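S.K.: The structure follows.
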Amino acid sequence: MKILIAFTTALVISCIACAQDPFIQLDKEKYQKGDTIQIKCDLPAYKTGGIRYATLYLLIEDLHNQKKWSYRYPIVDGSCNASIVIDSAMLDAKYALNFRVRKSFFSLRGAVESGEQTDMSYALITRNEATIFDNIKTDENGSFSLKGILFQDSGKFVFSPGPKTKQPGLKIDITTPLDSIFVSDRDQTQIIAVGNTEPVTEQDKQYKAAVAAFVVKTTLPDVVVSATRKKKIEQFNEEFSTGLFNSPTAKIFDGLEENKIAQSGDILDFLRGAVAGLRVIPNAGSYVLQWRGISSLRNPTASNVDVFVDEMQMGSITENFMSPGDVAMIKAYPPPAYLSPGGQRGAIAIYTKRGSYENDNLFRSRFTVYGYSAPVEVWK
């Protein structure tokens, strides 16, 4: 049976025990802009009951205009602490803070469409530059699961055939249960007033959360249609290359209408032959990228080239961190690239096929997923 493709878009949470004792403590009901809302979650029964990991959802709604915000935090041994700083641009209004607890932690389940036992590698690239690599093997039906992974904001999972296989790529379906429909184990709603607003009344406290209206947006960006005739790679670059990545000094390699990238043994193999001045050096199970002519070349284990996948920086790279057939474009920036602090390093930016360009891909093996909110965030 085909596994559900990633990311259920509607988060529907049912209340099953509205009369439970409060498990969330806030220090007050009235806040000013710039204040910090301290959230303390305490579930001692989870710790004594052996529920080591769970997830706290916070769904906020403006009671006047129904504007909504969503956060989620890891609960470990029944405890969770978080802080939300109220932005100065927030409207003076009353807000409902809806807390929901689910007895599960981040996990990812998937299956290879071939339905066969498969050796794979994967990389998880996160926005804090941390990169996790590992090898996994599916069961005899092609199914697999990844558990116990904790990261903030969003991350990109990139799957590729195992280092000893000769497959050109993989076609995978995944689901992340935290984004799926569930029934909450514990729930609590608290109304707060922000700014020059009347205090919270007993009538305000009768509010009932319409949590089905909280939609998790996980779809790909809309396709921009250009009226002028341009090459696919030019259109792709305009749509998906942003900010400093639009530097005119970058050399662009086309993975949409040319076959050199897709036909390479791996991405590093392509870079070795295509990017003049770039050296790819093995180093303790991963690789170091060096641009010739920079002083850091004196250290053979130091990299002076940053690697980005869809403009998210990788902490390290391995030989099979991505299937060449998944790549739409590679941009090589000679130093100084100004894409990292100091600006003196070179850079390689790899862009995966997406949107309408996904049709050019025979495989489906990289996914953006959502982890947990930061312990301290600005609410705006």
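A short reminder: the numbers here are calculations on the coordinates, not readings from a lab. None of the values given here were measured: they were computed from a predicted structure. For neighbour counting, all protein chains shown are included, and Cβ atoms are generated from backbone atoms with ideal geometry for every residue, glycine included.
S.K.: Once phi is turned into θ = phi - 60°, what whole-Hz ³J(HN,Hα) does the Karplus curve with 6.51, -1.76 and 1.60 give for every residue of segment 238-255, x standing for Gly and Pro?
M.R.: Values per residue, Gly and Pro as x: 5, 6, 10, 9, 10, x, 5, 6, 8, 4, x, 7, 6, 9, 9, 10, 8, x Hz.
S.K.: Report the relative contact order of segment 232-367, percent, no decimals, based on alpha-carbon pairs under 8 angstrom and at least 6 residues apart.
M.R.: That works out to 25 percent.
S.K.: Excluding residues on the same chain fewer than 8 positions from Lys260, give the lysines whose Cα lies under 20 Å from its Cα.
M.R.: Of all the lysines, those that pass the test against Lys260 - Cα under 20 Å, at least 8 places apart if same chain - are Lys166, Lys231, Lys232, Lys251, Lys331, Lys353.
S.K.: Non-local amide H neighbours of Gly315 (under 5 Å, H modeled in plane, Pro and chain starts lacking H): which ones?
M.R.: Thr131
S.K.: Same structure again: Residue by residue through segment 304-320, which ³J(HN,Hα) values in whole Hz follow from phi under the Karplus form 6.51 cos²θ - 1.76 cosθ + 1.60 (θ = phi - 60°), with glycine and proline marked x?
M.R.: 10, 10, 8, 10, 10, 10, 6, 6, 10, 6, 8, x, 7, 9, 10, 4, 10
S.K.: Given 0.36 nm per residue, what is the gain on full extension from Gln117 to Lys251 after removing their alpha carbon distance, in nm?
M.R.: 44.3 nm
S.K.: Report ³J(HN,Hα) in whole Hz for each residue of segment 30-38, in order, from the Karplus equation J = 6.51 cos²θ - 1.76 cosθ + 1.60 where θ = phi - 60°; Gly and Pro get x.
M.R.: 10, 10, 10, 4, x, 5, 10, 8, 8
S.K.: Next question, about the same structure. With r defined as the distance between the Cβ atoms of Asp153 and Ser79 and R0 fixed at 25 Å, what FRET efficiency is calculated, to the nearest 0.05?
M.R.: So the FRET efficiency works out to roughly 0.70.
S.K.: Right, here's the next one. Using the number of other C-beta atoms within 10 angstrom as an exposure proxy, rank Ile37, Ile317 with the fewest first.
M.R.: Fewest to most other Cβ atoms nearby, the residues stand as Ile37, Ile317.
S.K.: Hey, can you grab everything whose amide H is under 5 Å from the amide H of Ala328? Only 5+ residues off in sequence or another chain; H modelled, so Pro and N-termini drop out.
M.R.: Tyr351, Thr352, Lys353
S.K.: Assuming R0 = 45 Å, can you tell me the calculated FRET efficiency for the pair Ala284 and Asn65, based on Cβ-Cβ distance, to the nearest 0.05?
M.R.: About 0.25, to the nearest 0.05.
S.K.: How much length is gained on full extension from Tyr338 to Ser356, taking 0.36 nm per residue of separation minus their Cα-Cα distance?
M.R.: 3.5 nm is the gain from fully extending Tyr338 to Ser356.
S.K.: Greater than 32 Å separation of Cα atoms is the criterion. Which listed pairs, Lys156/Lys230; Lys156/Lys208; Lys103/Lys156; Lys67/Lys103; Lys33/Lys205; Lys40/Lys147, meet it?
M.R.: The pairs that break the limit, which is 32 Å between Cα atoms, are Lys156/Lys208.
S.K.: With each pseudo-label sitting 7 Å past Cα toward Cβ, what's the Asp42-Asp87 distance in nm, one decimal?
M.R.: 3.2 nm
S.K.: Quick query: amide H of Gly195 versus all other amide H atoms, modeled in the peptide plane; which residues come in under 5 Å with a sequence gap of 5 or more or a different chain?
M.R.: Residues meeting the criterion, in which the H sits 1.01 Å from N, are Tyr31, Gln32, Lys33.
S.K.: Still on this model: Rank-order 81-87, 372-378, 308-314 by packing density, defined as the average count of other C-beta atoms within 10 Å over each peptide's residues, highest first.
M.R.: 308-314, 81-87, 372-378
S.K.: Nearest 0.05, what FRET efficiency do Val378 and Lys171 give at R0 = 45 Å with Cβ-Cβ as r?
M.R.: E between Val378 and Lys171, to the nearest 0.05, is 0.70.
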